[in-house]
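What follows draws every value from the coordinates through simple rules; no lab data is involved. Given the structure is predicted, the values throughout are model-derived calculations rather than measurements. Positions of Cβ are generated from backbone atoms using ideal geometry, with glycine treated the same way; all protein chains shown enter the neighbour counts.
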Amino acid sequence: MTSRGVLPAALLLAVAAAALLLYTALPAAAAAAVAGDHSTLDKDENIQPLSTLNMAAARVMMDAGSVIHASPELLGANGEDSAWVTVNFTTPAPTDGHWIALFSPANLDLIMGGKQSSSSKINAAGEDEAPTGLPMAPIKYKFANISPSFMSSGSGNTSFLLINQRYDYAFGLFSGGKDNPKLVAVSNKIAFANPKAPVFPRLAQGKEWSEMAVTWTSGYNIDEAYPFVEWRMKGEENAKRTPADTLTYTRGHMCGKPANAEGYRDPGFIHTAILKNLWPNRDYSYQIGHELPDGSIVWGKSSTFRGTPSPGQASLQRIVIFGDMGLGQTDGSNELAGFQPGAQSTVDRLITDLPNYDAIFHIGDLSYANGYLAQWDQFTAQISPIASRVPYMVASGNHERTSHDTGGFYSGDDSHGECGVPAETLFSTPTVNAGQRLWYGVDRGLFRVCVGDTEHDWRPGSPQYEFLDGCFAAADRKHQPWLVFAAHRPLGYSSNGFYAKEGSFSEPMGRTLQNLWQKHRVDLAVFGHVHNYERTCPVYENTCTASPGSSPAANGSSPAVYSGVMGGTIHVVAGTGGARLRGFAGGEWPQWSVARNESYGYVKLTSRDQSRMEFEFVRSEDGQVVDGFVIEREYKDVLACIVDACEPHSLAN
């Protein structure tokens, strides 16, 4: 780690003035070019593996010698929402192009069989040829040669982890590889005992600090059963019941392919109940449920959470922040291998570390479903052990929102037709505006976190800019000293190769928020999008404004300590949740870049009082803290005059 010098205030003013002059002199055409689509840093890294299956060319070529069977046929008999299934398969002429795919609903054989029998034709070789095209993509798949004996014997077996996704399942055995798939066998059907059961609760802080939103998914529409949450404070005898609202989305809500085509899957129903008037730092238990017309109740899993500390409350508080996770894999499914290779490691570490933090902010690029909507169920199942216990706050990323001509700031199609609908329906956020704009503020005791939406305009004069100005201003820094900005794309500083090539070292036009960060003395800005870890000094207009009073130890045992007036904001890139890691630009480090790491992990902020905040970057692989710093200061340091942020004053005494 490198320490940087601090420039005099006069020079900082000169630098700021020159930057402002340069910005205001920018021609309109150049500004428009900067505003172009920079939504994908590396197209090859963002290909959803399910899209590599050429299902449009798939044919039904049933082979009497090929057989596939799944067991057990009944899952979740004791209320489980996931289960392991063993698949046995055999074929007379094994090749490395055979693969097994999981489909749901399980009427695959009926759809394709009917299509084949009604419209098959004779090809040039005189063979009966089935029409091409499969109407839906699988949920997951594996190559048959994952079973060691398959290539030599033609028989093999493997196991898949299934979750309750509201419908029955069947496996298909394909030959022909991914480019020319032929369905040669279909398995028996398997199903959960209650496919409609409520599953995968996830918490989020409400619009008030004393509220908690509980969201979950089920197969019950409101006319079939009444959704509710039963909850009580620890020590109370009587439980309360809070009703939940019910939402869903359809194929017509999607903005393009594959989300409205082969990637579409019925999402079921999403329910949210708002628990109100919670006591700060008190423990609660809760259970999701549905009351059927006959008065009986279908229960989901029970869980616990702790009430949010009141704004300014001085007690131990810990917040985790990261971006760009995606789906992990525990069953060896090929569609996840290499796509988000660190996701499972990060999830496992977060589960292990669960007693040591109080809330999570996942700042964009959540599931990387990329238009294959069944992946959203898989994602909510993956995070449920975490999100059912602590608030799981989300921000909008390019893989959730960006879609052509749908009102976003960018014109790409990184959401592949989702245009924000699944993410914004499946997760509750305390937004105060209507529509697809995920910006909001959260109070958590000593912390105020303002979450931005980089998929919509943030520049001066925009609604988001006005919101952020008010969000920052709402913090009472006497009692709530730690002010954090979090968003997906790096609007501050990043020495990723793409941004270095652009010459901006940030999202183009991103630093138009710098005056707000400076005006309100924002302590920390955390971003995702770039898949590495980088930390700056306290910085304003490309210049370090403070140096640590003590340098960090080489082994990370003693973090850098910033004391007194900061004079700028520390910027952190932490797109390290699980997506494939990226390097940095070559050459000399920019003077503001003081720490870098190419590991999966997450940021953790800890504070116990108004005078000290600890920052750590925790590596997912082993839980080690590989970077950190401490801010120590008094209230008068927040009030001190800094460059471009001085209150008007006179010389009178």
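Things to note:
- Relative compactness, the range 261-303, computed as alpha-carbon Rg over 2.2 N^0.38 Å: 1.71
- Taking 4 °C and 1.567 mPa s as conditions, the range 179-263 diffuses translationally at an estimated 75 µm²/s according to Stokes-Einstein applied to its Kirkwood radius (Cα pairs).
- Angle in degrees between helix 343-352 and the longest Cα principal axis of the chain, rounded to the nearest 10: 70 degrees
- Rh (Kirkwood; distinct C-alpha pairs) - the range 314-639, Å: 19.6 Å
- Sites Ser159 and Lys636 - FRET efficiency at Förster radius 51 Å, r taken between beta-carbons, to 0.05: 0.25
- Axis angle, to the nearest 10 degrees, between helix 9-24 and the longest C-alpha principal axis of the chain: 50 degrees.
- In the chain, the ratio of gyration radius to Kirkwood radius, Rg to Rh, stands at 1.01 when only Cα atoms are counted.
- Straight-line cross-link partners of Lys196 among the aspartates and glutamates, defined as a Cα under 18 Å from its Cα and at least 8 positions apart when in the same chain: Glu73, Glu80, Asp81, Asp168, Asp223, Glu224, Asp245, Asp266, Glu291, Asp294, Asp377.
- Number of Lys pairs (Cα under 27 Å; 8 or more positions apart or on different chains) in the range 314-639: 6
- Normalising the average separation of contacting C-alpha pairs (under 8 angstrom, six or more residues apart) by the number of residues puts the relative contact order of the range 244-295 at 37 percent.
- Helix 108-119 vs. the chain, principal-axis angle (Cα, 0 to 90°, nearest 10): 60 degrees
- Neighbours of Arg596, meaning other residues whose beta-carbon lies under 9 angstrom from its beta-carbon, give a summed charge of -2 when Lys and Arg score +1 and Asp and Glu score -1.
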